[in-house]
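Visitor: Handing you a structure now.
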Amino acid sequence: MRYTVIGAGAMGLRYGILLQEHTDAHVDFIDTWQPHIDKIREQGGVYVSRDHENRRLIPINLYTPEEYDGDPDVWIIFMKQMQLEEMLKRCAHLFKDHQVAFSAMNGWGHFEKIAQYFSEDRIYGGTALVATVLNGPGDVDFIGKSGAGTMHMCAMTNKVTDIEKAIFADFQKANLNPEISDDFKGMCMAKIVFNSVVNTLCTMYQITMGQFISYPGARDMAMQLINEAYDACERAGIRLINTRAEELESVDYVSRTGNPLHYPSMYQDMSRGRKTEVDYINGYIAKIGRENDYVCRTHEFLTHGVHLAELAFQYH
Ligand code: NAD
């Protein structure tokens, strides 16, 4: 199988390098962040650590969209939501009818953009419960020991296909711990609600996931956000793959036991002066509410809260 990763950032590198190392797939990468491209070329690959240890140089095939002329079976797409439209435009000349697209980006917004280039029956979504940090150009840290982290994947049509089975088999070999779901929207929303609690609160208060869950009121705060999101989804006819109680336990488990030392990616963006994905997470939940005569007061407030935190960070 041939995979090309669009977005050789933290997650693109994690998926691509694990596939490159653990399967017989051919993997290429496309990126446009010039300091990152220059560094990788200068040092002959990407420095990869596991939990800050065993830092080693791994060569990768890296191209800009304009340089690339490959024809993969599967595009793996891992950009930040705000960057995606422009990146897809730059890659448009490479997309062909026999190819499929897989993306496990956070939030909601990417599938509409991907659907401008791929028909619905060729789009596969995922949700990745795993933490990865791009320390800087050419240097990435896969948080969690080998085999850590889990993911769900699902066809946009909810139908399991042969290509999905083949991707699933490669993801299994790559220790990404995939599980196939048959409910695309319910799967995506469960991760969006998770992120709307953990990413958002950790980013606003500039704390790790473990610090958040150690606060005695953390579960109450989480439950309030979960309830509001589920109420909005129910009004919209969206059924999530987790119950409310399971969602709360997932927030608790991942924060307390899974990645307690991790600052979620929204915090990493803010601390580097980049915009966060909050409009596609809490902002999207609030939008579902507004479209269904229900005001998600806390999600509306927190969307502003994170934008205010982005602004406040610039003053420090
Ligand atoms: P990332 O920011 O590391 O990389 C995305 C793109 O941004 C890449 O093209 C990268 O080269 C570029 N980039 C990175 N730093 C930059 C900078 N300072 N200036 C300009 N460009 C820069 O993104 P990611 O963490 O891989 O996230 C991709 C998607 O996956 C997002 O939707 C994210 O929410 C989601 N996700 C991330 C994690 C995680 O732990 N990182 C986990 C699950 C899901």
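Visitor: Could you do me a favour and compute the accessible area per residue for the chain, 1.4 Å probe, result in Å²?
Guide: Value for the chain: 44 Å² per residue.
Visitor: Shifting gears a bit: In what sequence, largest accessible area first, do TRP108, TRP33 appear using a 1.4 Å probe?
Guide: Descending order: TRP33, TRP108.
Visitor: Oh, and also: Which value does Rg/Rh take for segment 186-315 over its C-alpha atoms, Rh per Kirkwood?
Guide: Checking Rg against Rh, the ratio lands at 0.96.
Visitor: Ok, one more. Of SER255, VAL140, GLY283, which is farthest on the positive side of the dipole of the chain, counting Cα position, with +1 on Lys and Arg Cβ, -1 on Asp and Glu Cβ, and the Cα centre as origin?
Guide: SER255
Visitor: Once each part is reduced to its C-alpha centroid, what is the distance from segment 297-316 to segment 108-169 in angstrom?
Guide: Computed from Cα coordinates, the inter-centre distance equals 28 Å.
Visitor: Which whole-number percent of Cα pairs in segment 2-182 have a distance greater than 24 Å?
Guide: Above the 24 Å cut-off, segment 2-182 has 31 percent of its Cα pairs.
Visitor: Let me ask you something else. Per Stokes-Einstein, at 20 °C and 1.002 mPa s, what whole-number D in µm² s⁻¹ belongs to the chain, with the Kirkwood radius over Cα pairs as the hydrodynamic radius?
Guide: Answer, rounded: 108 µm²/s.
Visitor: Please list, by residue number, every one of the trypsin sites (Lys or Arg not before Pro) in segment 148-184 that is coil in DSSP and has at most 12 other beta-carbon atoms within 10 Å.
Guide: LYS159
Visitor: What number does segment 222-273 give for Rg over Rh if you use C-alpha atoms and the Kirkwood radius?
Guide: Rounded to two decimals, Rg over Rh is 1.09.
Visitor: Work out the FRET efficiency for MET221 and ARG272 from their Cβ-Cβ distance, taking R0 = 41 Å, and round it to the nearest 0.05.
Guide: Taking R0 as 41 Å, the efficiency between MET221 and ARG272 is 0.95.
Visitor: When we measure straight from the Cα of LYS113, which aspartates and glutamates land under 12 angstrom away, once same-chain ones fewer than 8 places off are left out?
Guide: GLU85, GLU86
Visitor: Something else: Can you work out the FRET efficiency for the pair ARG41 and GLU66, with r the C-beta to C-beta distance and R0 = 22 Å, to the nearest 0.05?
Guide: Efficiency, rounded to the nearest 0.05: 0.90.
Visitor: Can you give the FRET efficiency to the nearest 0.05 for ARG50 and PHE95, using r as the Cβ-Cβ distance and R₀ = 30 Å?
Guide: With R0 = 30 Å, the Cβ-Cβ based efficiency is 0.35.
Visitor: Looking at the chain, send over the antiparallel percent of its DSSP beta bridges, to the nearest 5.
Guide: 35
Visitor: Separate question: Is it possible to state the helix-based mean residue ellipticity at 222 nm for the chain, with each DSSP H run of 4+ residues giving -39500 (n - 2.57), the sum divided by total residues, to the nearest 500 deg cm²/dmol? What is it?
Guide: It comes out at -14000 deg cm²/dmol, rounded to the nearest 500.
Visitor: If you don't mind, another one. Using 7 Å Cα-to-Cβ label points, what is the HIS316/LYS159 separation (nm, one decimal)?
Guide: Between HIS316 and LYS159, the label points sit 5.1 nm apart.
Visitor: Turning to a different aspect of this structure: I'd like to know how segment 25-127 sits against the 2.2 N^0.38 Å rule of thumb: what's its Cα Rg over that expected value?
Guide: 1.15
Visitor: Give the carbon-plus-sulfur fraction of the accessible surface of the chain in %, rounded to a whole number; probe 1.4 Å, heavy atoms of protein chains only.
Guide: Its accessible area is 50 percent carbon and sulfur atoms.
Visitor: I want to check the label-to-label distance for GLN34 and GLU21. Put each point 7 Å from Cα in the C-beta direction and report it in nm to one decimal.
Guide: Output for this residue pair reads 3.1 nm.
Visitor: Still on this structure, please answer the following. Students often get this wrong, so check it: of LYS89/LYS191; LYS159/LYS287; LYS173/LYS275; LYS89/LYS165; LYS39/LYS89, which have C-alpha atoms separated by over 31 Å?
Guide: Over 31 Å Cα-Cα: LYS173/LYS275.
The values are calculated or read from the model by the stated rules, or taken from the named source; none is laboratory data. Quick caveat, the model's predicted, so the values are computed rather than measured. Reconstructed Cβ throughout: ideal geometry from the backbone, glycine too, with neighbour counts over all protein chains shown. Accessible surface areas use protein heavy atoms only, side chains included; no ligands, DNA or RNA. Shrake-Rupley method; radii C 1.70, N 1.55, O 1.52, S 1.80 Å.
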